[in-house]
Amino acid sequence: MKPDSTRTEELPIYESLIRERGDVVEEARVVAEETQHQMSLALSGVAPAPQETGAP
């Protein structure tokens, strides 16, 4: 198996799902990176400003 064999252009079903539902994997990655950054700040004693995540 080649390392680039999972490219999305080779996965038409995945591309279709992304168009229909959004890229959940990418969204999860972004949220995980933000959470990791916030936890790093918290562990270093820096309190980040709270952010609203819910709808009004």
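The values are calculated or read from the model by the stated rules, or taken from the named source; none is laboratory data. All figures in this text were calculated on a predicted structure; none of them were measured in a lab. For neighbour counting, all protein chains shown are included, and Cβ atoms are generated from backbone atoms with ideal geometry for every residue, glycine included. These accessible areas exclude ligands, DNA and RNA; they are computed on the full protein's heavy atoms, side chains included. Shrake-Rupley method; radii C 1.70, N 1.55, O 1.52, S 1.80 Å.
Taken over the stretch 7-53, the criterion of being open to solvent by 90 Å² or more (accessible area, probe 1.4 Å), modelled with pLDDT under 70 and in a helix (DSSP H, G or I) is satisfied by E9 alone. Among the numbered conditions (1) surrounded by 10 or more Cβ atoms within 10 Å (Cβ to Cβ); (2) at pLDDT below 90, the only one that P56 does not meet is (1).
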